[in-house]
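Notes follow once the structure below has been shown.
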Amino acid sequence: LWYRPHDIEISPYDPEKHVWIVDADGHFVAKFTNDGSELVMTLGTPGEPGEDDTHFRRPTFLVFMDENTMYLADGYDNTRIIKYDMDGNILAQWGQKGVGEGKETRPGYWNNVHGIAVDPTTREVFVNDRDNGRVQVFDENGNYLREWNFWKGRRGAPQDIHSFIVTSDQKLWAADQGTHKILGYDLEGHYLYSWGSWGEYAGGMWGVHGMSTDNEGNFYTASVNNGRIQKFRPRAGANQEFMVGKPWPGVW
């Protein structure tokens with residue numbers, strides 16, 4: 001069934017906790033019951049890449065705005081965002097192929113859409129243009145609002161943002177493959193804090209490709225370079241300003 005699963009998600013607004021899997025090299029998204037016993041929905045055409053409404057070309061990540069709306073980053077090659085209702089009907093899509101290596105400056109032109117996050121309170125959509133080291137922010141229907149750049153042209157600056165999340169304290173947390181750090185920003189792009197270093201020891205980072213939090217404040221990372229999942233628990237007395245925030249409130 002699988003080619004290369006790239007992202008796994010459960011909507012916080014779904015009381016049945018369906019499991020969504022984005023298969024990048026299989027060019028499709030699958031929705032299962034929580035126990036995995038039943039395939040409920042398929043988006044895209046498995047094994048067939050394409051650019052139309054029924055095909056993807058290496059999708060990367062999925063995110064949920066609310067109980068009615070989700071966004072797919074399609075992704076490595078198609079460089080577009082697709083907005084769906086929860087029945088799989090397309091509501092909007094935007095994005096075009098751009099150049100990379102930090103040379104692209106146009107809104108909505110990307111080289112590798114490798115991360116997507118939302119703020120349900122403002123209904124803004126944050127898009128990671130990985131090969132250009134920038135975040136572009138859109139309204140819920142794809143109208144461009146603003147952007148910022150991770151690359152600052154200085155030693156030690158972020159180099160390769162693999163993914164990011166927006167948490168309920170309205171901060172964006174990004175995983176950087178280049179520095180092996182987790183970086184925190186406010187939603188206007190101002191750098192706040194970072195932590196982490198390279199290593200295969202407990203707590204070390206090596207290619208964090210996905211991350212999430214839970215309602216107890218635990219933080220989870222999935223590293224692609226060494227195939228490892230780690231769970232970080234809040235330390236008693238830790239400064240909350242430096243901690244990755246909790247997820248957006250849902251139904252569970």
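The values are calculated or read from the model by the stated rules, or taken from the named source; none is laboratory data. Note that the structure is predicted; figures quoted are calculated from it, not measured. Here Cβ is always computed from backbone atoms with ideal geometry, including for glycine, and neighbour counts include all displayed protein chains.
Numbers at a glance
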read-out: Single match in G36, G47, G26, G100 (criterion: in a loop (DSSP other than H, G, I, E, B) and either of a type in the set (S, T, Y) or free of Cβ contacts under 8 Å to residues at least 24 places away in the same chain (or both)); value: G36
read-out: Residue count, the range 178-222 (criterion: surrounded by 14 or more Cβ atoms within 10 Å (Cβ to Cβ), touching a residue at least 40 places away in the same chain (Cβ under 8 Å) and of a type outside the set (F, W, Y)); value: 12
read-out: Residue selected from the range 153-175 under the condition at pLDDT 95 or above and in contact with an Asp or Glu (Cβ under 7 Å, 6 or more places away or on another chain), by the criterion farthest from K231 (Cα to Cα); value: Q170
read-out: Count of the range 187-237 residues which are more than 20 Å from the chain's Cα centre (by Cα), in a strand (DSSP E or B) and of a type in the set (D, E, K, R); value: 0
read-out: Residue list for the range 70-97, filter: surrounded by fewer than 19 Cβ atoms within 10 Å (Cβ to Cβ) and either not assigned by the TED database to the domain that holds E9 or not acidic (D, E) (or both); value: M86, G88, N89, I90, L91, A92, Q93, W94, Q96, K97
read-out: From Y84, Y71, Y76, residue being out of contact with any Phe, Trp or Tyr (no Cβ under 8 Å at 6 or more places or on another chain), free of Cβ contacts under 8 Å to residues at least 60 places away in the same chain and of a type in the set (F, W, Y); value: Y76
read-out: Failed item in (1) more than 18 Å from the chain's Cα centre (by Cα); (2) farther than 26 Å from P249 by Cβ; (3) at pLDDT 95 or above, with D129 passing the rest; value: (1)
read-out: Scan of the range 156-186 for residues that are assigned to a strand (DSSP E or B) and among the charged types (D, E, K, R), ordered by number; value: K171, D176, K181, D186
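This table checks each residue for (1) touching a strand residue (DSSP E or B) at 6+ places or on another chain (Cβ under 6 Å); (2) of a type in the set (D, E, K, R); (3) more than 21 Å from V113 (Cβ to Cβ).
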residue	(1), (2), (3)
I165	yes, no, no
D169	no, yes, yes
L172	yes, no, no
D176	yes, yes, no
H190	no, no, yes
G196	yes, no, yes
G203	no, no, yes
W206	yes, no, yes
M211	yes, no, no
